[in-house]
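Some notes on the structure that comes next.
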Amino acid sequence: MASEQTTGYAAQGSAPLCQNAQAFGLALLTPIPVNEPGVERARRLIDARQHVLDSDWGEVQPRAEDENAFLKSHSWEEYAAWHLGLTEGATEHTKAR
């Protein structure tokens, strides 16, 4: 295995590799900005065994209406905690972030 996988950093930059990619022995070609609160939330859910091992994302992905309803009663920070990656160039407090 390459040393960047053991250190958790990509060879060409300082962005951490996705933990799932490391688990499967894969290196990312392009560093992806990580949403740390989202990663922490995912870890808590996994540790509590609140996850689904086999699903069809196309069937379970929240629709825009579901996301909008969530945002009516929750903060942008709570919404963001459901996402693992960040979109570069997107502004804060938008679904694109």
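The values are calculated or read from the model by the stated rules, or taken from the named source; none is laboratory data. Given the structure is predicted, the values throughout are model-derived calculations rather than measurements. Positions of Cβ are backbone-derived with ideal geometry, glycine not excepted, and every protein chain shown enters the neighbour counts.
At-a-glance table
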| read-out | value |
| --- | --- |
| Candidate set from the stretch 35-65 (those that are loosely packed, with under 10 Cβ neighbours inside 10 Å and part of a helix (DSSP H, G or I)); member that is modelled with the lowest pLDDT | Trp57 |
| Any chance Gly89 is out of contact with any Gly (no Cβ under 7 Å at 6 or more places or on another chain) and not in a helix (DSSP H, G or I) | yes |
